Structure formats: structure tokens, C-alpha cells
1. May I ask you to derive the FRET efficiency for Asp102 and Ala40 from their Cβ-Cβ distance with R0 = 22 Å, giving the value to the nearest 0.05?
2. The stretch 51-88 to the stretch 119-171: how many Å between their Cα centroids?
3. Checking the table Lys39/Lys99; Lys39/Lys131; Lys31/Lys156; Lys31/Lys123 against a 21 Å threshold on Cα-Cα, which pairs fail?
4. May I have the pair-distance distribution P(r) for the stretch 67-165, computed from all Cα-Cα distances with 10 Å bins from 0 and rounded to whole percent?
5. Could you give the angle, 0 to 90 degrees to the nearest 10, between helix 6-25's Cα long axis and the longest principal axis of the Cα atoms of the chain?
6. How do Ile170, Ile75 line up, fewest other C-beta atoms within 10 Å first?
7. For the stretch 121-137, what does the Karplus curve 6.51 cos²θ - 1.76 cosθ + 1.60, with θ = phi - 60°, yield as ³J(HN,Hα) per residue in whole Hz, taken in order and with x for Gly and Pro?
8. Where q = 0.08, 0.11, 0.17 Å⁻¹, what log10 of I(q)/I(0) comes from the Debye formula for the chain, counting one point per Cα?
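Bear in mind that the values in this text are calculations on the coordinates, not laboratory data. Everything quoted here is computed from the prediction, not taken from an experiment. For neighbour counting, all protein chains shown are included, and Cβ atoms are generated from backbone atoms with ideal geometry for every residue, glycine included.
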Amino acid sequence: MTHFSTHRLLPLLAAALAVAAIALAHNPRGKVEASFNGKAVTVEYGRPSLNGRDMLGQATPGMVWRLGSENATTITTEGDLMIGPNMAAAGAYSLFAKKTDDGWDLLVNSETGQSGLAHDPEKDLFSAPLKVEKTDDSAEMFTISLMADGMNGTLKMQWGSTALVTDLMIH
């Protein structure tokens, strides 16, 4: 008859619980793509849930948000992309949002592959003002959408009944 002692079973149980906690801690990833005049633009991001909170409403001026969860949100473009009044050359960038006194700015950062908590402001290429819109519907999970119409379009980031929007144009 095999005998398992408690001192052997507890480490295995602790390891199993730790793996389960890590698996539960991760939010799903989202990916959206749109074709602007035949050139692809792709955004990849983490999709946290509100769980009854008003996360955008709790932001204070100066706070930088990773636009999702876990790894930094990335945008990849096959063509030069106007984001608001600024141009980003074809390539990949990280996106962050910064709360201002009266709204939000989109920060386009040259570093990719980092944790969303590792924002380096020295690598910000530019910021573009975001329009803040109230929506009739509420998004429980953070959702990014790209809408393209020829060479023009919009980038919309919604959480709850608040959406942050900017115009895009590909060259």
C-alpha cells in the first residue's frame, strides 16, 4: 500500500494552486485589423473586464494607461499612418493613453514588446488628442475597433459607456 505524507502533498497542491491563479489572472487578448487602401493596420491588446468599476472615470490627470491589460497595446501599420495630426512611419508601435485635465491623449511609443506597465516617456514619438464620447451601449470588456473607408478611418477604444476616438489616414 502506498503512503503519501502530508509534507510531500502540500508542495504539489501549492504549485497547482499557483498555476491556476496565474491562469485566472490573465485577461484574453484582442486583435483587430482593417485595410486602408489595401494596407493593413492591426492592433493587439489585452481585454480586461470592468467588474462593476468605472476605470476611465477614476483616472486622474497625468496618469498613463496601457490601453488594455498586461502587455502594452501595439499597432502595426503597412503604410505611413496619420494619427490625429501626426505621422507614424510604417512599422510597429506601442500605444498608451494619458489622462489630461480635460480629456485624454493617445501616446505613440517607439518601443514594442514591453509590459504595459513599462512605459518609457522618452520613447514617445508624439501624442494626439482623443475625442471622449459617451455611448448608448456599455462594453464590459475593453474593446478596440478600427473602421476604414478608403484611406481614412477611426480608432475607437471603448470601456463601459466611454469611448476614446481618434481619426486615422494612411499614406
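1. Details: r = 34 Å, r/R0 = 1.54.
Efficiency computed from Cβ-Cβ geometry: 0.05.
2. 7 Å
3. Numbers: Lys39/Lys99 31 Å; Lys39/Lys131 25 Å; Lys31/Lys156 13 Å; Lys31/Lys123 24 Å.
Exceeds cut-off: Lys39/Lys99; Lys39/Lys131; Lys31/Lys123.
4. 15, 48, 33, 4
5. The helix 6-25 is inclined about 10 degrees to the chain.
6. Values: Ile170 23, Ile75 26.
Fewest-to-most Cβ neighbours within 10 Å comes out as Ile170, Ile75.
7. Coupling constants for the stretch 121-137: x, 5, 9, 5, 7, 6, 10, 10, x, 9, 7, 9, 10, 8, 10, 6, 9 Hz.
8. So the normalised log intensities work out to -0.30, -0.50, -1.03.
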